[in-house]
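One structure is given here, and the rest of the page talks about it.
The values are calculated or read from the model by the stated rules, or taken from the named source; none is laboratory data. What you see is a predicted model; the values in this text were computed from it and never measured. With ideal geometry, Cβ positions are generated from the backbone for all residues, glycine too; neighbour counts draw on all protein chains shown. SASA here: full protein model, heavy atoms, side chains in, ligands and nucleic acids out. Shrake-Rupley method; radii C 1.70, N 1.55, O 1.52, S 1.80 Å.
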Amino acid sequence: EHGQDSRELMVRECQQHRELGTCPRESLSFHSLFSTLSISREPGSRHGAKDGAVGSSQGCGSAGSGAATATPALFEAGRDGQSPQVVVLVGAPGMGKTTMVRKVMVEWREGSLHTHFDFVFCLDCKAIVLPMEASVADLVSQGCPGLPVPPEEILDEQKRILFVFDGFEALGFSLLGPEAELSSDPREVKPLELTLMSLLKKTVLPKASLLITTRPRALGSLRRCLKGDCHLEIVELLGFAAARREEYFHRYFEKPDIADMAFRFARGNQILYSLCAIPAMSWTVCTILQQELCGKKTLLECSRATTGMMMSYLSQLLKPRDGDKPQVLQQFLLQLCSLAAEGIWKHKVLFEEKEIKDRGLEQSALLPFFLNEKIPGEGEDRGSVYAFTHLHLQEFFAAMFYLLEDDGEMVYSLGRLEKDVKKLLESYNQCRKDLKVTVRFLFGLVSQKSIEYMDKSIGCRISPGAREELLEWLQGRHRDLSQPGQALELSEMDTFHFLFEMNEESFAQSALGHFTALHLQDTKLSLYDQMALSFCIQHWAGLGCVTLQGCSFHWHHPEAELDASGVSKGGGHPDGLGVRRREELPCPIHLLCRALRHRDSALQLLRLQWCGLSESCCAELAALLAEHPGPARLELADSSLGDSDVHLLCRGLRTPGCRLRVLR
């Protein structure tokens, strides 16, 4: 009865009167991009389903395309035929809670929720200033001025109203006030905390619906506040499922070919791809890749490795805390990193409440950004348990533990770990291969760029002292495997991952200078692997022999290769996102050959055996032979090459610059 115009006015006014930026920060066109989030309903949910999907958005761009509608899925009737009056969205920072609130507002404006609600009022708990006094009617009129009808008339239709509390954990007052002081009249002016409590406890407007977002740590106090006979549903936001990560990349980038290349970059990096389950991390990765493309032709020239992405994500999370003193942040990170490292050494991802308190972490406002708290349910005789929001985040902080500078004021007790980098490296080398990601972050964090970024953008100091230990370890770890008189060769991809993570030419040159051969066997090389290998070869002046046996080159992830139809085996995607343009991709060995053509190359022998070479590979090899004066021997054993392929290769052999002596 109030019309579409009034809905658009209210959304516009409400957006102007609340802080839209949590993490990440976007423009008001956020609603144009939506990707689906995985959810988990609390056991015993009215729907009886464990998993489902709701809509979310990150980033900004052109108009969206029919994403799943979020709010009806949240407020629809369950098996008992009753719709929930209160829906609580629970999730760690960056999981998309505020984005979900925005989607609710947009869907309501567009009429998707017309049959559910006539009015939606959003309260940003982070922006509430106390002390002040107000009635529910005041909140409505002040938050959305210019309403077509008086607030009192609107509030008379309780069942058609949705109140949204975004960021419940930010409410800075006790939730245990006397029931007698609560209000039952929406026109009654009371201290703001009592007015808000009256809405939450439903002493005022008991038939109105509530949508509340909160971090896991505040869920216990919210439960106690909501006790009563209201129909309640708790939904946990789990982030992006695998297919939705790809969808998100395509919605973020305007050009399909760029989106496809960016997603291949992330998909080929297992650590980065896993972290992209966190919506804010997907936004961070896409934003960085977009910035890298400025002034560069392709993403193949991008230099930002996983550590750089993690530091940018960390910087985004900590931006709201810019007012904290640097020493407070440094102290917090030291304790948090100590917890992470101890957990990694003990194969431990869950931490007891006592462990958090012993480190003085429980009082820090920063804690919920990195640790999820699971509060015991009713009748459970135990304290809360904590876990890092992602295992790779714990591994990142574990690496930081060995590098963060300590003023000497930290008191180490409880038999905590020593900052022994050599012990970490030797343990990885000998038996603890599960430490690989931590070691990889270790290399990334000691680069000069990382040290400067952490200091300027985050405000914590990284010690460069471990660089020499890392260099000595890389130089020495392969020598024990070589026979006397044999060329020193590298045969494990992790070395190239470590050097690419640091991304420093001089360090790579020093680390590789003692080796003269590369030998990889039965290795599936993702796009990220090829980029790491290419970076190292370009700075490996003494590399004389390259042997790849039974290796395959993938521009898509090996588990996501296309079938003959050109659509992902995992099923189709909306808007044709699963369709690939294989003809636009470079030859599989393009990066390898490009790296081998660097001016200081000493290459003499190239073996590509049982690698499934194609016609385009022969064209690349021909160009390599024509432009590189060094190779004297080329071995292409047991390949699938045909006559036309060899004709292409012969073009390179006939060029004046070719010095090849042996072709096998």
Chain lengthening between Ala365 and Glu492 when straightened (0.36 nm per residue, less Cα-Cα): 41.5 nm
Difference of contour (0.36 nm per residue) and Cα-Cα distance, Cys650 to Gln291: 125.1 nm
Average accessible area per residue (Å²) across the range 326-471 - probe 1.4 Å, nucleic acids and ligands excluded: 46 Å²
Nearest-0.05 FRET efficiency for Ala541 and Glu353, computed from C-beta distance (R0 51 Å): 0.40
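Taking all protein chains as present, what is the carbon and sulfur share of the accessible area of the range 109-183, in % to the nearest whole number, probe 1.4 Å?
52 percent
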Relative packing of 467-473, 159-165, which averages over residues the other C-beta atoms within 10 Å, highest first: 159-165, 467-473
Long-range amide H partners of Gly239 with built H, under 5 Å: Ser38
Karplus-derived HN-Hα couplings along the range 152-157 (A = 6.51, B = -1.76, C = 1.60, θ = phi - 60°), whole Hz, x at Gly and Pro: 4, 5, 5, 6, 5, 9
Potential lengthening between Leu130 and Gln475 on full extension [0.36 nm per residue; Cα-Cα distance subtracted]: 118.2 nm
Karplus 3J(HN,Hα) series, Hz, for the range 468-478 with 6.51 cos²θ - 1.76 cosθ + 1.60 (x for Gly, Pro): 5, 5, 5, 5, 4, 5, 4, 5, x, 5, 9
Two-site FRET efficiency, Ala602 against Ser427, from Cβ-Cβ distance with R₀ of 35 Å, rounded to 0.05: 0.50
Spin-label pair Ser616/Arg661, simplified geometry with 7 Å Cα→Cβ offset, distance in nm: 3.4 nm
